[in-house]
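A.B. asks: This is the structure I have questions about; it appears just below.
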Amino acid sequence: MEATETRTEPFVINLGPHHPSTHGVFRMRVTFDGEVVVDVEPMFGYLHRGIEKLAEGRTYTQIIPLTDRLDYLASMTNNWGYVMAVEKLAGVPVPERAEYLRVIVGEMMRISSHLLATGFLINELGAFFTPLMYMYREREKILDLFDMLCGQRLTYNYMRVGGVSHDPPPEFWPAVKRFVREMPGYIDEYEGLVTTNEIVLARTKDVGVLSKELAINASASGPFLRATGVDWDLRRDDTYSIYDRFKFDIPVGTNGDVFDRYMCRIQEMRQCCRIIEQALQQIPRGEFRARLPHLVRPPAGEVYGHIEAPRGELGFYLVSDNSIAPYRFHVRPSTMINLTTLRDLTIGWKLADLIVIFGSIDVVLGEIDR
Amino acid sequence: MAPIQSAEQTVLAIRPEGLPAFWPADNPWLHALVFIVASIAFALVMVIVFIYVERRGVARFQLRLGPNRAGPEGVLQAVADLIKLLLKEDIVPRLADKVVHLLAPIVATVPAFMVFAVVPLWGDGAMLADLNAGVLYFIAISSFGVVGVFMAGWASSNKYSLISAMRGVAQMVSYEIPLVMALLGVVVFAGTLSLNGIVDAQSIPFALLQPLAAVIYFLAMSAEINRTPFDLLEAESEIIAGYHTEYSGMKFALFYVAEYGHAVAGAAIFATFFLGGWKGPVLPPVLWLVIKMLVVFFVGFWARATLPRLRVDQVMGLGWKALLPLAVINVLIAAVEVLFWPSGTTQWLLVPINIAIGALLVFLWSRTVSLRGGRVEVRTRAEVKA
Amino acid sequence: MTVALVGTGVAEAVSKSIPGSILASDEKTVVVSADKLYPAAEFLKTSEFAFDYLANLTSADYLDYFEVVYHLVSLKKNHSLVLKTRIYGREAPAVASVVPLWRGAELQEREVFDLMGISFEGHPNLKRILLWDGFPGHPLRRDYL
């Protein structure tokens, strides 16, 4: 049959910055041909607060609350990445107990962040909030635990250079033990609700495929990179803190599609539980913070410290001129760099897929725009 | 050839045996007035009931409480919402087509209530008009709602609304066909197009006798009234609120009523066609109908609370590749069965046979029709020029 | 554990292949001259060093010169290197873009262009990213007030 020649006129939609599923104030300038995406141009900057510039006028300790406001769904790991970079720069030793506490809260933060990432992904698939509400239930428990630790539920400001700000109260330990014991069952529940659902499979399998080569070339990181089949996790491949003491697996996808990203996150949550369990068994008594002068004054020099944050490699590049404030403070925004390939992933897919693919990258605008 | 009945006679073909003895059956105007008021009141009350049931029910699915402040257990929430919407400013976009923008919610709402003219609500024959072409009337009216949707999407001069309107038209046109085909199977068994006649014919509910038709009809109806997993028109995560993005105040309330009105109508029709309508022991007929409607609606919002949404081309694919051929096969099987199977008490034997045939067909289709993939090769402007 | 390569050793290999490209090198870093940046980066990516992953790209303003910093990682060999280049002159600092080598540089170079005012020659879409067009100055420069 001969195809008839029909002419269509592409039209442009500004998706965002006030669209319900752009995870904040992200804006995409999308050219559509009917429902098919022809061109995507991401636009940033609606949440730009100049954190890098602000940091140049603050002491090293005063910057910690600023890092809370980067990736506001994973503030603990932001704190951690930053204080680790400063410790590397200043050569500060960290007490054992503090390292364990950091691992425990860091992994709980990863669970919490992945819960939201997968929950909102399913929501963007069109499920009317039910999976999301289930995932919120467990995230709430994590936030309560963090509330015990530092009195905050979103911006924790918990880590300090050379340790953490508080030792956990006694009621923290039974609560966290109970949570880790129950969490795998809840993950089974999510999987039963979502993973084998035919509509979910039809909407996510082979959708938004990212190739291994492109993922590496475009500096993708985190679950987004691992879903393509690249076995690269900074916790294992550039071991920081005390991750070499724990046994855990790194889930890796095969296809690099939306479904693999979802599965990677689900599997990672299970591994997080394993790590927390081991950490709870091993944690020693002792100091939770090294004794340091009030003002950290690292020697002149520079450092690039990076950790495996829930959304990918979170790096801090610090230049010190031996004063109380950094000379240069730069954040490597993992999710912004993951968005480099947004256009390649979404071209040719439909409007509904665009939203889902964007959701599967899992961005937080606080980190992108800084 | 029988003489053509006058219009008045056709519309008001009253069947007085289901009505009380004092009923003024000889005065068609009085009859019409009573039933118009009663039908619309029934539909509106059911809309409020459905809204309340869905909000509380979905909240249960989602580990929430749902509305529980206005009135006892939140039953007055719909009233509170209505007062709020009435007091809201009516915003019309500057570039909107003002007349069409105003007409759209009315056009969308009216057909939902017009359907109730032919549904036997209160018992045998106790309805506004027992049309001998009731099924045709229902099909014609129910597909009219999309005109309002399209008018809204077009007049809003909003791109999201326009996308929604285009989706709506494509979806309704596609799903109208399996819907009609599914009803044909029932009509073949009942041997009449009158809805009251169809209820009368159900000594065995047609959901058992025509299980495949019931499933197809339910899915097609979900698509017609755009409920999950076919709620493309109001896909919040994609196109904000779809065709009613630019509506506020009472106009928005009308769309809201229209949405649930179509759901009520759909549930009433499903109950009438497949679950035996008002039939049932002990309880008054209208209560039986309401119970059956709520059961149908429960399955609807159960799906809504559980399932994600299909993509637009997948919805089309499901309609054309799966539902339509299955519906056609179903009509064929029904016709063969009616031709060769003696009607009467042995009709019970058809129930397991038809359930088996339906399950087999659904299984075959689930193995062959796949909705995966769907990437389209596109060329950008630069590539086209090169 | 990612091995941080010794800068002087890498510098030797780079200067053997691309003579005159090395400005300085020490334990941790290799500093290449701005005009030889692209060939040097290409060498690092394609030679036995196999730096296939650009972890981070940023810049710093030292008033005399701008420094553009590339944190390179090889996922295959699990080693890393800090590559730097220096750009003198504050009026129109420019350096070759590494987007043809690592696409991950695309948005990061735009960010450096936006906030530090260094333009990258050969970048496919070099325009402001976080601030709006027409914003006066480049805020991360040390002389911006």
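A.B. asks: Round to a whole number: what % of the accessible area of the protein assembly as shown belongs to carbon and sulfur, probe 1.4 Å?
C.D. replies: 63 percent
A.B. asks: May I pose another question? Return the calculated 222 nm mean residue ellipticity for chain C, to the nearest 500 deg cm²/dmol, obtained by summing -39500 (n - 2.57) across DSSP H runs with n ≥ 4 and dividing by the residue count.
C.D. replies: -7000 deg cm²/dmol
A.B. asks: Å³ per residue of the Cα convex hull, for region A:51-97?
C.D. replies: So the per-residue Cα hull volume is 78 Å³.
A.B. asks: Enumerate the calculated ³J(HN,Hα) couplings along region B:113-124 in order (Karplus 6.51 cos²θ - 1.76 cosθ + 1.60, θ = phi - 60°), each rounded to whole Hz, writing x wherever the residue is Gly or Pro.
C.D. replies: Rounded to whole hertz, the list is 8, 5, 4, 5, 4, 10, 8, x, 8, 9, x, 5.
A.B. asks: Right, here's the next one. Interface size between chain B and chain A, please: total buried accessible area, 1.4 Å probe, rounded to the nearest 100 Å².
C.D. replies: 3600 Å²
A.B. asks: Still on this structure, please answer the following. Can you give me the relative contact order of region C:3-91 as a percent, contacts being Cα pairs under 8 Å and 6 or more apart?
C.D. replies: 28 percent
A.B. asks: According to a simple spin-label model (label point 7 Å from Cα along Cα-to-Cβ), what is the distance in nm between A:Val12 and B:Leu65?
C.D. replies: Rounded to a tenth, the inter-label distance reads 4.9 nm.
A.B. asks: Counting only heavy atoms of protein chains, what accessible area per residue, in Å², does region A:171-248 have with a probe of 1.4 Å?
C.D. replies: The answer is 37 Å² per residue.
A.B. asks: Show me the GluC sites (Glu not before Pro) within region A:107-206 that DSSP assigns to loop and that have at most 13 other Cβ atoms within 10 Å of their Cβ.
C.D. replies: A:Glu171
A.B. asks: For region B:7-372, what is the accessible area per residue in Å², given a 1.4 Å probe and the full set of protein chains?
C.D. replies: Normalised by residue count, the accessible surface of region B:7-372 is 42 Å².
A.B. asks: List the aspartates and glutamates whose Cα sits under 18 Å from the Cα of B:Lys251, skipping any in the same chain fewer than 8 residues away.
C.D. replies: The qualifying aspartates and glutamates are B:Asp81, B:Glu89, B:Asp90, B:Asp97, B:Glu234, B:Glu259.
A.B. asks: Now a separate question. Given a cut-off of 15 Å, what percent of all Cα-Cα pairs of region C:3-91 lie beyond it?
C.D. replies: 54 percent
A.B. asks: Rank these residues by their accessible area, most exposed first, probe 1.4 Å: C:Arg142, A:Arg160.
C.D. replies: From most accessible down to least: C:Arg142, A:Arg160.
A.B. asks: So for the pair B:Val369, A:Arg343, with labels modelled 7 Å out along Cα→Cβ, what separation do we get in nm?
C.D. replies: The answer from the label model is 3.8 nm.
A.B. asks: Continuing with the same structure: Could you work out the pair-distance distribution P(r) of the protein assembly as shown from its alpha-carbon pairs, with 10 angstrom bin width and percents rounded to whole numbers?
C.D. replies: 2, 11, 18, 20, 17, 13, 9, 6, 3, 1, 0, 0
A.B. asks: On alpha-carbon atoms, Rg over Rh for chain A using Kirkwood Rh?
C.D. replies: Using Cα coordinates only, the ratio equals 0.99.
A.B. asks: Threshold 30 Å², probe 1.4 Å: give the residues of region C:97-119, in number order, that are less accessible with all protein chains present than with their chain alone.
C.D. replies: C:Arg103, C:Gly104, C:Leu107, C:Gln108, C:Glu111
A.B. asks: For region B:132-145, in order, what is each residue's ³J(HN,Hα) by Karplus, 6.51 cos²θ - 1.76 cosθ + 1.60 with θ = phi - 60°, in whole Hz (x at glycine and Pro)?
C.D. replies: Each residue's phi maps through the Karplus curve to give 6, 10, x, 5, 4, 4, 4, 5, 5, 6, 5, 7, 7, x Hz.
A.B. asks: Now for a different question. Taking the Cα centre of the protein assembly as shown as the origin, how large is its charge dipole in debye, to the nearest 20, when only Lys and Arg (+1) and Asp and Glu (-1) carry charge on their Cβ atoms?
C.D. replies: 1180 debye
A.B. asks: Quick one: work out the % antiparallel among DSSP beta bridges in the protein assembly as shown, nearest 5.
C.D. replies: 85 percent
A.B. asks: I would also like to ask the following. With charges set only on the Cβ (+1 for Lys and Arg, -1 for Asp and Glu), what does the dipole of chain B come to about its Cα centre, in debye to the nearest 20?
C.D. replies: 1320 debye
A.B. asks: Ok, one more. To check you understand DSSP bridge types, tell me what percent of the beta bridges within region C:3-91 (both residues inside) are antiparallel, rounded to 5.
C.D. replies: 75 percent
A.B. asks: Okay, moving on. With the crude spin-label approximation of a point 7 Å out along Cα→Cβ, what separation in nm comes out for A:Val92 versus B:Phe340?
C.D. replies: About 8.7 nm separates the two model spin labels.
A.B. asks: Using alpha carbons only, how many degrees (0 to 90, rounded to 10) separate the axis of helix C:7-17 from the longest principal axis of chain C?
C.D. replies: Roughly 90 degrees, rounded to the nearest 10.
A.B. asks: Still on this structure, I have one more. If R0 is 56 Å, what FRET efficiency do you get for A:Asp33 and C:Lys76 from their C-beta distance, rounded to 0.05?
C.D. replies: Once the sixth-power term is evaluated, E becomes 0.90.
A.B. asks: List for region A:263-311: residues with 20 Å² or greater reduction in accessible area, all protein chains versus chain alone, probe 1.4 Å?
C.D. replies: A:Glu302, A:Tyr304
A.B. asks: How large is the accessible surface per residue of chain C, computed with a 1.4 Å probe and reported in Å² as a whole number?
C.D. replies: Roughly 41 Å² per residue, with all protein chains present.
A.B. asks: Given R₀ = 25 Å, FRET efficiency for B:Ala140-B:Val75 by Cβ-Cβ distance, to 0.05?
C.D. replies: It comes out at approximately 0.10.
A.B. asks: If you plug each phi of region B:158-170 into the Karplus form 6.51 cos²θ - 1.76 cosθ + 1.60 with θ = phi - 60°, what whole-Hz ³J(HN,Hα) values come out, in order, with x for Gly and Pro?
C.D. replies: 10, 5, 4, 4, 5, 4, 4, 5, 5, 4, x, 5, 4
A.B. asks: Tell me which residues come under 5 Å, amide H to amide H, from A:Leu210 once H is placed; ignore anything under 5 positions away on its chain.
C.D. replies: Here A:Asp257 satisfy the definition.
A.B. asks: Can you bin region B:7-372 into rounded, prolate or oblate? Criterion: square roots of the alpha carbon gyration tensor eigenvalues sorted a ≥ b ≥ c, rounded for a/c under 1.5, prolate for a/b above b/c, oblate for the rest.
C.D. replies: Oblate is the answer for region B:7-372, as a/c is 1.5 or above yet b/c matches or exceeds a/b.
A.B. asks: Which FRET efficiency value, to the nearest 0.05, is calculated for A:Gln152 and B:Val328 with the Förster distance at 45 angstrom and r the Cβ-Cβ distance?
C.D. replies: Result of the calculation: an efficiency of 0.15.
A.B. asks: Cα extents of region B:115-261 along the three principal axes, largest first, in whole Å?
C.D. replies: So the three principal-axis extents are 50, 30, 18 Å.
A.B. asks: Just the number, please: buried accessible area between A and C, total of both chains, 1.4 angstrom probe, nearest 100 square angstrom.
C.D. replies: Roughly 3400 Å² of accessible surface disappears when A and C pair.
A.B. asks: If you don't mind, there's one more thing I want to ask. Which of the residue pairs A:Lys212/A:Lys350; C:Lys28/C:Lys77; C:Lys16/C:Lys76; A:Lys350/C:Lys45; A:Lys212/C:Lys45; A:Lys212/B:Lys321 have a Cα-Cα distance greater than 28 Å in the structure shown?
C.D. replies: A:Lys350/C:Lys45; A:Lys212/B:Lys321
A.B. asks: Which values, in whole Å and largest first, are the semi-axes of the equivalent ellipsoid of region A:234-338 obtained as the square root of 5 times each eigenvalue of the Cα gyration tensor?
C.D. replies: 31, 22, 10
The values are calculated or read from the model by the stated rules, or taken from the named source; none is laboratory data. Just so it is clear, the structure is predicted and the values come from calculations on it, not from any experiment. Ideal geometry is used to build each Cβ from the backbone, glycine not excepted, and the neighbour counts take in all protein chains shown. For the accessible areas, the whole protein counts, side chains as well, though only heavy atoms, and no ligand, DNA or RNA atoms are used. Shrake-Rupley method; radii C 1.70, N 1.55, O 1.52, S 1.80 Å.
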